[in-house]
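Worksheet for the structure shown next.
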Amino acid sequence: MVGHAGQTGSVETYFVLAVRYFFGGHALVSGANHYLTIVPDIMPRDPAIAVRFMSVLIDTHLYDLVKVIEILCGLSLITGRFMPVALMMEMPVTIIVCYLSLFIAPTARSLYTGPREVILNLFLLSTYWGYLRPIILQDRPPLMPIWRDRLFARVEKPQ
Amino acid sequence: MIWKILYSPYDAGALIIMVIGLAAHVAANRFGGWGGDPR
């Protein structure tokens with residue numbers, strides 16, 4: 001059951017899985033609740049600038065878009081598909097939530113949940129270092145536009 | 001007070017999904033699996 005790090009069934013694997021399901025589950029529940037309203041949406045009641053910010057997000061329907069991103073990220077992390085790109089999509093939302101939680105509308109709970117979101121999102125991204133390394137370190141030199149990928153190139157029939 | 005900081009309905013939902021997901025993985029690993037983590 002408990003094997004070496006990296007093996008299926010190791011403590012490391014299950015820890016990453018647990019974080020993945022928790023973060024994904026939280027995103028899915030939070031996103032889905034916006035449309036299903038099982039519990040009231042969590043909204044800042046003060047200060048005025050936070051209430052104004054949220055009102056503008058809601059009135060411009062950007063908040064709906066944020067919730068769609070959360071739902072997609074949640075589904076991705078739970079089903080195990082497209083996880084690196086989902087985690088990158090979620091990162092701007094995470095940073096804004098954390099900024100609001102820490103500096104604009106801090107409460108005892110938001111001081112805990114804001115940084116938690118950033119830590120979990122960054123931790124899960126760090127588990128995809130193999131994917132991120134070429135982007136961050138730029139250690140794969142060939143610059144290839146997507147349209148030159150063999151995946152999309154026309155296959156020529158042999159003469 | 002500490003309960004109010006740590007608990008929210010979203011967290012409860014996330015924990016339930018986490019437990020179900022982990023249980024599914026443990027069961028799959030023990031009883032033949034589905035060919036590994038699909039990432």
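The values are calculated or read from the model by the stated rules, or taken from the named source; none is laboratory data. On a predicted model such as this, the values are computed, not experimentally measured, just so you know. Cβ atoms come from the backbone with ideal geometry, glycine included; neighbour counts cover every protein chain shown.
Some notes on this structure:
- Test: A:CYS98 is under 20 Å from A:LEU28 (Cβ atoms), in contact with a Pro (Cβ under 8 Å, 6 or more places away or on another chain) and crowded, with 17+ Cβ neighbours inside 10 Å: yes
- The listed residues are A:ILE119, A:ILE136, and the only one of them that is of a type outside the set (S, T, N, Q), modelled with pLDDT under 90 and assigned to a helix (DSSP H, G or I) turns out to be A:ILE136.
- Filtered by the rule that a residue be among the polar types (S, T, N, Q) and part of a helix (DSSP H, G or I), the range A:90-116 gives A:THR94, A:SER101, A:SER110, A:THR113.
- Filter result (part of a helix (DSSP H, G or I) and within 14 Å of chain B (Cβ to nearest Cβ)) within the range A:72-89: A:CYS73, A:GLY74, A:LEU75, A:SER76, A:LEU77, A:ILE78, A:THR79, A:MET83, A:PRO84, A:VAL85, A:ALA86, A:LEU87
- Residue match in the range A:52-71 (condition: of a type in the set (A, V, I, L, M), within 8 Å of chain B (Cβ to nearest Cβ) and either assigned to a helix (DSSP H, G or I) or touching a Pro at 6+ places or on another chain (Cβ under 8 Å) (or both)): no
- Condition met for A:PHE53 (aromatic (Phe, Trp, Tyr) and more than 20 Å from the chain's Cα centre (by Cα)): yes
- Out of A:ILE38, A:ILE42, sole residue that is at pLDDT below 85 and either part of a loop (DSSP other than H, G, I, E, B) or surrounded by 16 or more Cβ atoms within 10 Å (Cβ to Cβ) (or both): A:ILE42
- In the range A:19-34, the residue that is nearest to the other protein chains (Cβ to nearest Cβ) out of those that are free of Cβ contacts under 8 Å to residues at least 60 places away in the same chain and among the hydrophobic types (A, V, I, L, M, F, W, C) is A:VAL29.
- Test: residue in the range A:57-69 that is touching a residue at least 12 places away in the same chain (Cβ under 8 Å) and of a type in the set (Lys, Arg): yes
- Residue match in the range A:55-62 (condition: surrounded by 16 or more Cβ atoms within 10 Å (Cβ to Cβ) and either closer than 30 Å to A:TRP129 by Cβ or touching a helix residue (DSSP H, G or I) at 6+ places or on another chain (Cβ under 8 Å) (or both)): no
- Those residues of the range A:101-130 which are more than 17 Å from A:ARG45 (Cβ to Cβ) and surrounded by 16 or more Cβ atoms within 10 Å (Cβ to Cβ), in sequence order: A:ARG116, A:GLU117, A:VAL118, A:LEU120, A:ASN121, A:LEU124, A:LEU125, A:THR127
- Per-region count, the range A:96-119, residues more than 14 Å from every other protein chain (Cβ to nearest Cβ), of a type in the set (A, V, I, L, M) and more than 10 Å from the chain's Cα centre (by Cα): 6
- Selection count, the range B:1-33, where residues are closer than 16 Å to A:PHE23 by Cβ, β-branched (Val, Ile, Thr) and more than 7 Å from chain A (Cβ to nearest Cβ): 3
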